[in-house]
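Structure, as structure tokens:
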Amino acid sequence: MTSLLINLSGLAAIALTVWWFWLAAKGNKQQSVSVDEKLEIQVKDGVYEPDRIRVSAGEETVLHFRREDASPCAEWVLFPDLEVSAQLGVDQITEVTIPAADAGEYPFHCQMQMYRGTLIVG
Amino acid sequence: MSDKSPASPQTFRLKGVSCAGCVKKIESALGDVPGVDDARVNLGDKTLVVQGSAAAQDCIAAVESAGYGAEEVRASARELREQQREDEQNHYRQLLWRAGIALGLGIPLMAWGLLTGEMGVHNTFQQMAWGSVGLLTLAVLIFCGGHFFTGAWRAFRHHSATMDTLVALGTGTAWLFSMLVVLVPQLLPESARHVYFEASAMIIGLINLGQALEVRARGRTSAAVEKLLQLQDANARVVRDGDEVDIPIEQVQVGDTLRVRPGEKIPVDGSVVEGESLVDESMLTGEPLPVKKASGDALTAGTLNKNGSLLFKAEKVGADTRLSQIIQMVKNAQSSRVPIARLADTISAIFVPSVMIIAVVAALVWYNLGPDPKVAHMLVVLTSVLIIACPCALGLATPMSVMVGVGKGAENGVLVRNGKALQQATGLDTLVVDKTGTLTEGAPKLTDIESDSDTDTLLQQLASLESRSEHPLAEAIVSAAKEKNLSLSEVTGFEAITAHGVSGDVDGKKVLLGNRKLMQREGIDSGRWHKQAESLAEQGRTAMYAAVDGAVAGVIAVADPIRKDAQAAVQRLKKLGLRIEMLTGDNKATAEAVARQLGIDHVHADLLPEDKEKIVADLQKGGAKVGMAGDGINDAPALARADVGFAIGAGTDVAIESADVTLMRSSLHGVADAVELSRATLRNIKQNLFGAFIYNTLGIPIAAGVFYPITGMLLSPVIAGAAMAFSSVTVVSNANRLRFFNPSHNSSADNGGKK
């Protein structure tokens with residue numbers, strides 16, 4: 001009985017991992033936040049918050065990153081497809097200028113790809 | 001601040017501000033300060049911006065009287081960097097404390113286990129004792145490792161798994177299992193009643209220690225930018241209302257008049273209004289000789305005023321100065337990715353959930369198929385796989401090397417635009433080089449003067465004559481006379497004879513200077529000078545006959561001289577495996593003469609600017625990986641077409657913006673330095689990637705217990721924790737080895753680097 005329980009728990013853990021981190025993560029696209037002057041993207045505890053940011057196509061935009069996490073992982077934010085990157089100061093707001101881009105989704109992340117977000121241009 | 005322009009706003013960073021009520025209190029307190037025209041608090045970034053002429057100290061006092069704290073914000077790059085370094089130091093100390101506390105508990109526990117072997121729960125006393133240790137461990141997990149758990153939870157809510165996830169799962173599982181043993185030992189078989197509190201504490205301690213060492217090693221990787229920042233002085237001496245006052249450099253505004261005394265650095269970009277001095281620009285341009293500056297000449301921030309006092313007008317300040325642009329470019333390039341990183345990126349993105357699955361599968365295999373004690377083995381394998389598999393090292397492998405490599409380039413006067421250019425420079429097999437200004441000085445000079453009589457007298461006469469001419473070669477002759485301090489005479493009856501030369505009367509003598517056709521036209525026999533002129537022409541020089549009062553007095557030759565180091569640089573590039581081809585708009589004879597002297601086999605002469613791009617494209621079509629070295633502006637199309645464009649010696653804003661690699665000094669050695677540096681950097685990246693891949697690909701199976709049949713032992717989670725902690729340190733340390741890179745030719749002093 002214990003053996004069955006442990007095996008089922010293990011299989012459930014695997015199924016949960018696949019679903020939560022891959023399947024549900026891909027489906028979780030409805031919550032994006034539009035950029036305005038007051039929007040701050042917090043860099044803290046392994047995530048960008050908000051992590052889905054919507055900006056207008058064909059317009060230069062300035063994003064404000066507030067890094068509260070002193071860990072080295074959070075030091076840089078990179079937008080590889082847009083060739084934009086910035087070093088984020090601890091407990092500071094860093095302005096990151098995003099050039100005018102075509103409509104589409106552009107991932108951004110730290111240099112280790114642990115902090116991850118998506119810039120939605122539309 | 002009395003020395004501050006009334007119009008410029010002052011910014012303060014606020015402390016203790018949390019709500020709209022605080023905003024009102026502070027704004028109202030500032031309203032009572034004399035000289036404050038407007039005060040606005042930004043709650044978002046906790047800053048206060050004050051307009052008006054009020055003193056900074058008065059504003060801070062007002063904020064403090066309202067019950068909050070304030071400090072003036074100085075946003076110079078150097079101060080930001082200093083602040084950042086201070087933050088890093090604080091973080092470093094914090095991590096050391098956390099590591100010390102966690103290891104302070106973990107080490108004695110581990111020693112107890114090793115010495116006594118009593119880590120099990122078999123009676124009530126052991127339950128009580130290990131229960132207390134469990135609570136102590138919980139305190140350590142919260143105080144020293146709380147950030148792993150909060151990070152893991154936040155990431156989990158975002159459907160994301162990070163390094164924190166692995167650490168939290170690993171240490172959390174070990175602690176929960178141990179508490180289960182403490183609370184209900186009867187539920188577990190006798191052999192599995194073992195506690196792993198020491199593993200939880202040790203892992204937290206070791207990972208904090210690893211991060212601390214990583215923070216310290218990372219600090220060294222940005223040393224290059226710090227060196228550039230050190231070129232800037234913190235203060236500037238501004239002339240205000242007739243007085244000279246020292247103010248922080250960030251308060252200097254465009255249009256300000258500044259005084260710079262001997263031995264001081266130029267604080268901002270500008271132009272000289274009054275005074276004369278020699279300015280050492282070597283740290284920016286690499287030119288070893290100080291440049292004389294007088295009224296109207298441009299000054300660049302970061303350069304050193306040698307001997308005179310200069311009054312100059314600020315034209316570019318803050319982020320607009322050339323030095324700031326260079327610093328910004330280096331920082332941008334340091335954070336850019338190299339194409340080789342793509343593989344690591346792809347793996348990093350899916351790595352953590354994959355590891356979680358592998359850990360569970362391995363644990364189930366041990367539980368179902370492994371020997372007794374199965375539960376204990378399952379837990380050890382689960383924890384070890386989770387802990388050892390963190391991909392930190394993989395993620396750091398390329399950025400760290402690029403950061404050091406690009407910084408090292410800047411130290412040697414090689415500004416790399418991005419990581420892609422750095423990688424592409426390693427694979428170049430052909431280098432096309434623009435002749436004028438790259439292989440040669442770019443300005444014609446008098447190379448030879450031969451006469452039966454006194455050459456200085458002849459030069460004085462010819463220079464006097466040529467001072468009336470606008471021909472490019474004339475300038476070379478006039479300059480040569482000025483260098484010898486020869487005073488020029490009045491010229492009468494000056495005539496420029498198209499395609500022949502010039503004539504005129506100098507000090508009562510009829511002087512002619514021109515080609516053989518001019519001599520023939522005037523009926524003058526060139527005699528023995530003809531052979532001499534022919535010989536000079538064969539060497540790629542423009543030879544001219546000089547005649548005084550109807551007889552040839554001698555020949556002079558003007559040429560664009562080959563750079564002193566061009567031949568050595570070409571040989572060095574050849575040794576690096578590059579095929580050199582010369583491009584020039586000059587005639588074939590001159591071009592071939594230059595090529596012969598430099599040992600260049602392939603010459604393209606008589607080219608129009610658009611031809612250069614076509615040649616690069618043709619070479620590429622033939623399968624060559626082409627680098628192009630030119631002066632950055634008129635060669636722009638070819639530079640852009642090439643796989644890597646090297647803008648040589650320009651150092652202008654345009655070149656910095658457009659070239660893949662900008663060399664701050666007009667030396668072809670810079671190209672060789674760039675190629676050597678890029679190869680060293682890529683080699684370092686490959687070492688890092690290999691190390692990180694090996695680490696993860698071997699680490700996971702070892703943690704999963706593949707060696708158990710041979711050794712009869714499983715990898716301790718503590719060892720897994722130590723391995724994980726030090727993998728990143730290893731990668732960062734290997735990247736730091738690049739700091740010891742030196743170009744094979746000591747040309748750093750020639751192309752703008754440190755001496």
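Here are a few things to note about the model shown:
- Shape call, chain B: gyration tensor on alpha carbons, a/c limit 1.5: oblate
- Angle in degrees between helix B:529-538 and the longest Cα principal axis of chain B, rounded to the nearest 10: 20 degrees
- Full-stretch length increase - residue B:136, residue B:618 - with 0.36 nm per residue and alpha-carbon distance subtracted: 166.3 nm
- Here is how the number arises for the protein assembly as shown: DSSP H runs of 4 or more residues each give -39500 (n - 2.57), the sum is divided by the residue count, and the result at 222 nm is -15000 deg cm²/dmol.
- Extension reserve of the residue B:640-residue B:588 stretch, reckoned as 0.36 nm per residue once the Cα distance is removed: 16.2 nm
- In straight-distance terms, cross-link reach from residue B:24 covers every one of the aspartates and glutamates whose alpha-carbon lies under 19 Å from its own, apart from those fewer than eight places away in the same chain; here that gives B:32, B:37, B:38, B:45, B:58, B:64, B:71.
- Per-selection metrics, the protein assembly as shown (Cα): Rg and Dmax in Å: 35.2, 126
- Per residue, the average separation of C-alpha pairs within less than 8 Å and at least 6 apart gives region B:344-468 a relative contact order of 16 percent.
- Dipole size of region B:305-425 about its Cα centre, with +1 on Lys/Arg Cβ and -1 on Asp/Glu Cβ: approximately 580 debye, rounded to the nearest 20.
- Estimated FRET transfer efficiency when R0 is 45 angstrom, pair residue B:89-residue A:105 (beta carbons, to 0.05): 0.70
- Cα gyration tensor shape of chain A, rounded if a/c is under 1.5, else prolate or oblate by comparing a/b with b/c: prolate
- Toward the positive end of the charge dipole of region B:334-483, with +1 on the Cβ of Lys and Arg and -1 on the Cβ of Asp and Glu, the farthest Cα among B:438, B:387, B:461 is that of B:387.
- Pairs beyond 31 Å (Cα-Cα), from B:306/B:435; B:420/B:574; B:445/B:625: B:306/B:435; B:445/B:625
- Pairwise label distance in nanometres, residue B:538 with residue B:306, each label 7 Å out on the Cα-Cβ vector: 4.1 nm
- Label-point gap, in nm, between residue B:246 and residue B:226 - each point 7 angstrom along Cα→Cβ: 2.4 nm
- Taking Cα atoms only, the orientation of helix A:2-17 departs from the longest principal axis of chain A by about 20 degrees.
- Top positive-direction residue, dipole computed over region B:404-533 with Cβ charges, set B:422, B:488, B:512: B:422
- Rounded to 10°, Cα long-axis angle of helix B:717-737 versus longest principal axis of chain B: 10 degrees
- Dipole magnitude of the protein assembly as shown about its Cα centre (Cβ charges: Lys, Arg +1; Asp, Glu -1), debye to nearest 20: 3120 debye
- Chain B, relative contact order in percent, only Cα pairs under 8 angstrom and at least six apart counted: 13 percent
- Accessible area, probe 1.4 Å, largest first, for residues B:664, A:1: A:1, B:664
- Ordering B:245, B:338, B:377 by Cα displacement along the dipole of region B:227-381 toward the positive end leaves B:377 in first place; charges were set at the Cβ atoms of Lys, Arg (+1) and Asp, Glu (-1).
- Choice from A:75, A:60, A:40 with maximal GNM fluctuation in chain A (Cα, 10 Å cutoff): A:60
- Taking only Cα atoms of region B:141-283, radius of gyration then Dmax in Å: 29.7, 92
The values are calculated or read from the model by the stated rules, or taken from the named source; none is laboratory data. Given the structure is predicted, the values throughout are model-derived calculations rather than measurements. Every residue, glycine as well, gets a Cβ built from its backbone with ideal geometry; the counts of neighbours run over all protein chains shown. For the accessible areas, the whole protein counts, side chains as well, though only heavy atoms, and no ligand, DNA or RNA atoms are used. Shrake-Rupley method; radii C 1.70, N 1.55, O 1.52, S 1.80 Å.
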